[in-house]
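The values are calculated or read from the model by the stated rules, or taken from the named source; none is laboratory data. None of the values given here were measured: they were computed from a predicted structure. Cβ atoms come from the backbone with ideal geometry, glycine included; neighbour counts cover every protein chain shown.
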Amino acid sequence: MYVFHITPPPSSIQMLSWISLALVPVAILLFIIGFLERKGIHLPFVNMPSSLGPRGRFWLSIAIGLILLILSGYLYLSISPSAGTEVIVRKDGLQIRDIAYGKFIPKDSLIISKARIIDLNAEKGYRPSIRDWGTSLPGYSAGWFTLQNGEKALVFLCNHTRIVYIPTKEGYSILLDLANPDKFLEVLKKELG
């Protein structure tokens, strides 16, 4: 078993995951305001439409609070763990450990003979184009994407150079931005090839 780490996203992206946690207290405050409104206690510094009445202001604050809570959770779970994403080469296949987009790919599904290191600046057809289910921010992409060449791919990218490309027999490929792509490819071909 060999463990490799995905290149961590830029610090600005990692900071965004921590900033997203700041939305949690705001959501909790909105819940409290909503319950106070429901009890008929109107806070003078809270400017909500009085035409809604106490019940309407209650549901408005709960709805906004829930949206903020869901957004915070999504941002945190999709960005924060990526700094610790691991790719493990096992005897029976390839294990990608990520809280949001982790996956095990059996040895028989991998086309190891076509695995290679690519430069997405030179081979633009392999660039992620459409996000199917994933996270896409400037300098960071993770999850399921459709590539510019129409191929489906499980992607973990922070930059576009020296990316490991592994096609599978399951109708998708894997794009990995690893700290040591040469060593990974060597181990992959030795262990699973």
(request) Look through Gly102, Gly53 and report the one residue that is outside the structural domain of Tyr165 (by TED's automatic domain parsing) and at pLDDT 75 or above. (result) Gly102
(request) Kindly indicate the residue of the stretch 133-147 that is surrounded by 15 or more Cβ atoms within 10 Å (Cβ to Cβ) and of a type in the set (A, V, I, L, M, F, W, C) and also modelled with the lowest pLDDT among those meeting that condition. (result) Leu137
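When the residues of the stretch 109-122 are narrowed to those that are in contact (Cβ under 8 Å) with a residue 24 or more places away in the chain and in a loop (DSSP other than H, G, I, E, B), which ends up surrounded by the fewest Cβ atoms within 10 Å (Cβ to Cβ)?
Restricting attention to the stretch 109-122, the residues satisfying the condition of being in contact (Cβ under 8 Å) with a residue 24 or more places away in the chain are 109-121.
Now drop any that are not in a loop (DSSP other than H, G, I, E, B), which leaves 111, 115, 119-121.
On the way: Ile111: 12, Ala115: 19, Asp119: 12, Leu120: 21, Asn121: 10.
Top of the filtered list is Asn121.
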(message) Return the pair list, or none, for Cβ contacts closer than 8 Å from residues in the stretch 32-47 that are modelled with pLDDT of 70 or more to residues that are outside any loop (DSSP other than H, G, I, E, B) and polar (S, T, N, Q), at least 6 apart or on different chains.
(response) Ile33/Ser61; Gly34/Ser61; Glu37/Ser61
(request) Go through Ile174, Ile166, Ile130 for me and flag whichever is surrounded by fewer than 17 Cβ atoms within 10 Å (Cβ to Cβ) and either touching a strand residue (DSSP E or B) at 6+ places or on another chain (Cβ under 6 Å) or within 22 Å of Tyr74 (Cβ to Cβ) (or both). (result) Ile130
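If only one of Gly125, Gly150 is part of a helix (DSSP H, G or I) and over 26 Å from Tyr2 (Cβ atoms), which one is it? Let's see the steps before the verdict.
Values: Gly150 fails: part of a helix (DSSP H, G or I).
On inspection, the qualifying residue turns out to be Gly125.
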(message) Given the criteria modelled with pLDDT of 70 or more and under 29 Å from Tyr140 (Cβ atoms), does Leu29 qualify?
(response) no
(message) Given the options Gly150, Gly125, name the one that is surrounded by fewer than 19 Cβ atoms within 10 Å (Cβ to Cβ), out of contact with any strand residue (DSSP E or B) (no Cβ under 6 Å at 6 or more places or on another chain), without any contact (Cβ under 8 Å) to a residue 24 or more places away in the chain and of a type in the set (Gly, Ala, Ser).
(response) Gly150
